[in-house]
Structures are given as structure tokens and as C-alpha cells.
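Here the structure comes first, spelled out in C-alpha cells, and everything after it is commentary.
Read the figures in this text as sums done on the coordinates, not as results from a lab. Here the structure is a predicted model, which is why all the values come from computation and not from measurement. Note that each Cβ is placed from the backbone with ideal geometry, even for glycine, and that neighbours are counted across all protein chains shown.
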Amino acid sequence: MNKAKAKQRIEKLKQLINDYRYHYHVLNQSIMSEEAADSLKHELTLLEEKYPDLITPDSPTQRVVSAISSGFQQVRHSSRMLSLNDVFNEQEIRAWQDRIGKLLPQTNISQYFIDIKMDGLACALIYQDGHLEQAITRGDGFVGEDVTNNIRTIESIPLRLRQTKDAKLFSIGRSEIRGEIVMYKQDFIKLNEERAKANLPLFANPRNTAAGTIRQLDPKLVASRPLHFRAYDLLRDNSGEVPTNDYAYRVLHDLGFLVNYMAKEVSNLKDILEFIDLWQDNRHELPFNTDGLVIKLNNREQFNQLGVVGKAPRGAIAYKYAAEQATTKLQDIFISIGRTGAATPVAILEPVIIAGSRVQMATLHNQNEIEKKDIRIGDTVIVHKAGDIIPEIVEPLISLRDGSEKKFKMYSLCPVCHSKLVKKDSDEVVWRCPNKNCPSRTWKAIEHFASKQALDIEGLGEKNVIALIEAKLINDPADLFNIKQADLLKLDRFATVSAKKLITNIKAKKTPQLSRFIYGLGIRHIGAQTADDLARRFGSLSKLEQVTFEQLNQVEGIGNIVAESIIEWFANQDNLKLLDKFNNFGVKPIQSQSPKKTLLNLSFVITGSLTTMTREAVADKIRSLGGIFQSSVSKDTDYLVVGNNVGHNKLEKAKQLGVKQISEQELFNLLNTEG
């Protein structure tokens with residue numbers, strides 16, 4: 001990018017980032033995620049580093065704080081509400097520890113305190129002789145807004161501090177409680193559902209909804225919305241009265257405040273890293289949103305000795321988990337043909353790191369989605385990825401367009417076999433390749449058949465499947481059972497050991513469980529649980545082949561669409577020929593019989609990790625005994641199995657619904673009961 005184009009890009013970025021900051025910090029509205037805004041600011045920083053003479057005083061990179069919204073009395077904090085410097089990996093945590101060691105060379109730093117970083121509105125509550133006197137928002141750290149009347153409506157905030165033996169001291173004189181005002185994720189969903197029914201605009205996210213609610217001038221409106229205050233700090237005029245952060249949390253709980261149950265005192269880097277790993281996935285089950293952790297010295301005297309640099313204390317850092325959203329350029333769009341023929345638009349992106357991994361492609365779902373979001377080739381887009389979820393484009397940043405962007409035109413022909421794409425129904429949004437012999441459909445169908453939830457044939461990943469197809473050794477899943485070791489040895493991908501291993505793995509699956517075989521056939525709308533229900537109800541492929549629409553409707557969980565899909569699949573002559581081919585090659589699916597269906601119609605959910613079996617193995621065992629394996633807790637759940645490193649959300653929901661909680665050992669006792 002030359003300097004002239006860089007200048008144009010910088011101006012557009014500045015305008016968009018400043019607009020975001022105004023909506024976020026002043027109006028408490030969200031026009032994009034904080035992660036996406038950070039990504040844009042990073043791009044601006046890089047351009048300004050390359051062309052420093054283009055930096056202007058109004059650039060977002062030169063701004064320290066934003067304006068405070070009007071409407072409330074401004075109040076100066078007794079001590080500054082600080083921000084924290086971010087770290088993103090083990091090396092940066094070590095560097096922070098090393099800096100502390102150099103600044104306090106004669107001090108033994110043996111304890112740290114670590115907690116979940118909440119995504120809410122920071123607020124300070126002032127209590128005088130145990131009575132709530134004032135509530136002040138964070139503001140710019142020095143000056144905040146008096147929102148006392150609104151704060152009083154939050155039920156989790158005590159208007160008078162509880163007096164216990166250990167906390168009696170803190171009901172005398174001035175006590176300042178700092179914490180976050182948050183809206184829980186479930187409450188946010190319900191609130192938006194109510195607004196949708198009333199044809200009102202939906203709120204963007206829990207954090208901004210909480211902040212906007214607190215700044216309403218009508219306390220009655222504030223009282224109508226479910227907000228929670230979760231405390232994280234306790235300040236006294238005599239700092240020696242609160243020697244450690246661990247002690248502060250115990251006192252805050254005694255005084256009547258919500259504190260994070262997972263917060264803990266740790267001794268070393270190993271403990272810190274274990275805490276980080278524990279909450280990497282489990283944080284998604286917390287009732288509130290979070291993007292990281294707070295790590296600080298437990299000893300508050302040591303913390304104060306280290307002082308402040310800029311606007312951040314030296315004695316604390318914020319560990320940030322890998323961002324789940326970022327901005328990048330959409331370079332092109334191509335069509336991917338799936339095993340059912342679905343033609344899915346896929347975006348080719350400028351590579352970007354999201355959620356800890358390199359992302360270069362993202363799903364666009366279908367043509368309607370592209371048109372609805374007005375996504376164009378050449379756009380700067382916001383991309384979202386969480387864990388193992390397939391990356392997707394959230395939205396294009398239209399204000400950054402320069403006129404070179406192009407609208408996407410849906411293909412009329414399959415890009416692989418050149419068949420004309422069709423829609424089954426006029427109201428269907430998905431275009432499909434109707435050619436059952438399309439190479440793309442073929443290899444994806446075979447890969448699905450060999451996948452972990454289906455026949456679980458080790459060694460048949462995407463590359464090996466494509467290699468076997470290109471060598472004309474297979475054309476469908478049944479052909480797998482006719483491959484010879486000598487055939488594999490002719491291919492570059494296989495040596496004697498790997499070829500023998502694959503043949504052994506395939507032969508071992510000649511008598512698969514009926515439910516896995518049904519799932520592996522790839523019938524539209526048939527997932528693992530539905531396949532198990534069908535196997536359990538009809539017992540054999542021959543009976544399933546003759547089943548009627550009415551019989552299918554009698555199976556719980558199978559509606560008209562699923563029933564039609566099953567009937568249509570078994571009415572297709574090519575599919576019946578495929579089943580005959582399996583039979584000719586000696587593949588005989590069996591219905592696993594249990595002496596007694598000891599778990600008949602009992603539903604199980606697992607939270608946390610198991611030590612003796614994988615989730616897939618447990619799910620298979622539960623289904624074989626007549627039980628139902630669920631992914632989330634509902635009113636129909638009978639048991640929540642509590643493993644190690646559990647999240648909070650499933651436990652809370654189970655308590656609310658009265659679902660019985662059992663241990664891993666209790667589960668295995670049930671699985672091994674003969675009845």
C-alpha cells in the first residue's frame with residue numbers, strides 16, 4: 001500500500017474507530033464488538049508506524065480517555081480506579097514476574113491472587129458506618145458519575161452491610177467496595193426476547209445493556225432489568241486493615257456481597273497456568289461474559305510498594321484469552337459442495353489469528369445470508385470464531401469501502417462436476433448439486449461414513465479418502481470394504497505398515513453398531529441421537545427400509561421433515577444398490593442388545609472432563625442401555641454427571657430445574673448395573 005492509499009485508509013479507520021468509541025463510552029451503545037474495534041485500532045497503529053508523519057492529534061491511537069456522558073453529577077474518586085496492562089501468553093506473565101522481582105529484590109513474592117475478569121460496568125460503592133451512602137461509576141478513573149439511586153435497585157447490593165464477628169470492623173467508618181455491574185447471559189437473552197415480542201430494537205450485548213441501564217434517569221426502569229453487582233475489592237482509610245486480596249474476598253462475602261467463587265490464592269507460575277487452562281473452555285459456562293483473568297500480588301502492601309506506571313498498577317495484569325473476533329479483508333468467495341449436495345459459499349480471507357488459530361476461510365452459509373448482510377468481495381469484515389466452531393463472517397464494515405468491492409454472484413453450475421445447481425423447494429435457501437456422483441459429494445460422504453461418530457475408521461481422513469478416490473479404488477463407502485493391501489501399496493501415501501493398519505481398521509468395522517451405520521449413511525437431518533432412536537425402534541436395516549411415514553411419526557423426536565427425508569432415502573434405487581453392495585462385501589450392521597434396558601428413557605448430560613472413558617464412549621454406552629445422551633441440561637434431563645474441572649452454568653441450571661447430580665463413579669455404577 002503506497003502512502004496516498006495509506007492516508008485514505010487511515011482517515012477511514014480513524015472515523016470508524018472514533019465513531020465506535022463515542023457509541024461505546026458515551027452513548028453506551030455497541031456498533032461492533034470490542035475485539036473487532038481492537039483489531040481495527042491495531043491496523044491503524046501499524047499504518048501510523050509505517051508512515052509516522054500521517055499521525056495527527058485526533059487519531060484514536062493518541063487518545064488517553066474519552067468523555068463522560070452528561071446527566072449525572074460528577075464525583076472524584078477517593079483513589080484512582082486503575083486499568084490493567086494486558087498479557088497474552090506464558091512468556092509475558094514470566095516477564096511481569098521478572099519485573100516485579102527487580103523492583104522488589106529483597107522481597108519474597110510467594111503468593112498471587114487470580115480471578116475471572118468480568119465484562120461489566122465498574123462501580124465503587126461507598127459505605128459510611130455500614131450504610132450505603134454513594135455509588136460512583138468508573139468514568140475516566142479519576143472522576144465518575146453519581147448513580148446512587150439506580151444502584152439501590154440492584155438486589156445483590158446490600159443497603160446495609162451484614163455484621164458478622166469477623167467483618168464487624170468494616171461497619172465502622174468508611175468502606176469502599178469496588179466491583180462490576182453485570183447482566184447475566186440468560187437474563188440478556190430473555191430481555192431481548194421480550195423486546196422482540198414488543199417490536200423494540202434488540203440490545204447488542206450484556207455489558208452495554210448493563211451500562212446503559214445504570215445511566216437511565218428513571219430508577220424504575222433500572223429496577224425492571226436484572227442486574228448483579230459482583231465485588232472484587234475492598235478499600236479502607238487504613239490499608240493495613242485489608243492485608244491480602246484473599247482476605248478481602250472473604251470479608252466481602254461476609255459483608256453480604258457476591259464474589260466470584262472461582263477466585264483463589266496461588267503460589268507460582270505453574271498454578272497460574274493451570275488456572276488459565278481450567279477456565280479456557282469453562283468460562284463459557286459462567287453466567288456472565290468474560291474475556292480473561294486478573295492476576296495480582298496477593299500481599300497488598302507489596303502491591304502498593306510497586307506503585308503505578310501510566311494508568312496501570314505494576315502489581316497486577318489482565319491475562320486475555322485469544323480474541324474470538326477480528327477484522328480482515330475478504331479476498332474472494334468460492335462454492336463448496338457438501339456430502340448432501342449443499343452448495344455453501346466460503347470466504348477466502350487475508351490470514352488472521354482468531355481464538356488462537358490462523359483463520360483463512362469462513363463460512364457464508366448461503367446466498368440469502370450474503371445478500372442480507374451485504375457482504376462483498378474486497379470488504380473489510382468482522383470474523384468470529386470460538387473454540388472448534390467454524391469461523392463465520394459477522395458483518396462487513398461498509399464505511400471502509402473504497403468503491404473497488406464487488407457483489408458476489410451465485411454459481412449456476414456445480415464448480416466440481418458442472419451439474420446445474422437446483423433448489424428442492426421454492427422457499428429453500430440452499431442451492432444443491434443434484435449429481436450423486438459428484439466427486440466432492442463422494443469424498444465428503446465417505447469421510448463422514450468413517451468419522452468418529454459413525455464407523456470410526458482410523459486412518460480415513462480427508463487426504464487419504466481423496467487419494468483413494470483419485471486412484472479409482474473407491475467410489476462410495478461400501479468400496480472401502482473391498483480394498484486390498486496390495487492396492488494401497490501402489491499409492492505414494494502408503495507403506496507396508498500404514499497399508500496393513502488401514503486394512504485391519506476397515507475389516508474391524510464389518511459388524512458395526514446399527515445406530516452408527518445409520519448415522520454414517522449420511523441421511524439428511526439424521527444425527528447420532530436420531531440414528532440411535534431409529535435403531536432402537538426398528539432393530540434392522542430391512543425393517544427401516546420398509547417403514548411407513550406413520551410409523552416414523554410415532555418415534556419421539558421425529559417430525560414430518562425428518563420422516564420425509566428417511567422415506568425418500570430408502571425409496572432411492574441408488575441407495576438400495578449401495579446397501580446391497582455393503583451386504584455383498586460382508587458388512588452386517590448389528591443392533592447391540594443389552595440384557596435389560598436398565599437406563600430406558602433416562603436422559604444424561606455431562607459437565608467437566610471424565611477420567612476413565614471418553615464422552616463418545618459414554619454416550620454409546622448410555623444409548624446401548626436405552627438411555628438418551630444430551631448436550632445441555634433441560635427440564636427433560638434426569639441426571640447431570642459432574643466430572644473434573646466443571647463449569648458453573650450447567651450446575652446452576654441443574655439446581656434450578658431440580659436435576660439430580662451424580663459423580664463419574666455413580667454413572668459407571670449405573671452403566672454396569674445388569675438390573
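Consider the candidate values (i) 38.4; (ii) 29.4; (iii) 27.4; state which one is Kirkwood radius over Cα pairs in Å computed from the structure displayed. Among (i) 38.4; (ii) 29.4; (iii) 27.4, the one derived from this structure is (ii).
Going by the alpha-carbon gyration tensor, a ≥ b ≥ c the square roots of its eigenvalues, is region 603-671 rounded (a/c under 1.5) or, if a/c is not under 1.5, prolate (a/b greater than b/c) versus oblate?
Working: a/c = 1.81, a/b = 1.27, b/c = 1.43.
Here region 603-671 falls in the oblate category.
Indicate, rounded to the nearest 5 percent, the antiparallel portion of the DSSP beta bridges found entirely in the chain. Among the beta bridges of the chain, antiparallel pairing accounts for roughly 80 percent. Shape of region 74-320 from the C-alpha gyration tensor: oblate (a/c of 1.5 or more and a/b not above b/c, with a ≥ b ≥ c the square roots of its eigenvalues).
Centroid-to-centroid, using Cα positions, region 146-189 and region 200-266 are 7 Å apart.
Would you mind ranking THR548, THR148, THR607 by Cβ crowding within 10 Å, fewest neighbours first?
Working: THR548 10, THR148 18, THR607 23.
Fewest-to-most Cβ neighbours within 10 Å comes out as THR548, THR148, THR607.
Please say if region 423-544 is rounded, prolate or oblate, where rounded means a/c under 1.5 for a ≥ b ≥ c the square roots of the C-alpha gyration tensor eigenvalues, and otherwise the choice is prolate for a/b larger than b/c and oblate otherwise? Note, shape of region 423-544 comes out oblate.
Please report the antiparallel percentage of the DSSP beta bridges confined to region 325-407, to the nearest 5.
Values: 24 of 25 bridges.
Percentage antiparallel, nearest 5: 95.
If you take the beta carbon distance between SER78 and ASN149 as r and set R0 to 25 Å, what does 1/(1 + (r/R0)^6) give as a FRET efficiency, to the nearest 0.05?
On the way: r = 20 Å, r/R0 = 0.82.
In this case the efficiency is close to 0.75.
What list do you get for SER171, SER357, SER498 if you sort them by fewest beta carbons within 10 Å?
Values: SER171 18, SER357 12, SER498 15.
Going from least to most buried by this count: SER357, SER498, SER171.
Distance from the Cα centroid of region 343-421 to that of region 547-568 is 35 Å (rounded to whole angstrom).
Taking only DSSP H segments of four or more residues, each worth -39500 (n - 2.57), what value at 222 nm results for the chain once the sum is divided by all its residues, to the nearest 500 deg cm²/dmol? Numbers along the way, then the final one.
On the way: 24 runs with 235 residues, N = 675.
Result for the chain, helices only: -10000 deg cm²/dmol.
Applying 0.36 nm per residue to the separation of GLN546 and GLU395 and subtracting their alpha-carbon distance, the gain on full extension is 49.7 nm. Shown for HIS418, HIS23, HIS448: other C-beta atoms within 10 Å of each C-beta, ranked fewest to most, produce the order HIS418, HIS23, HIS448. Charge dipole (Cα centre; +1 on Lys/Arg Cβ, -1 on Asp/Glu Cβ; no other charges) of the chain amounts to roughly 920 debye.
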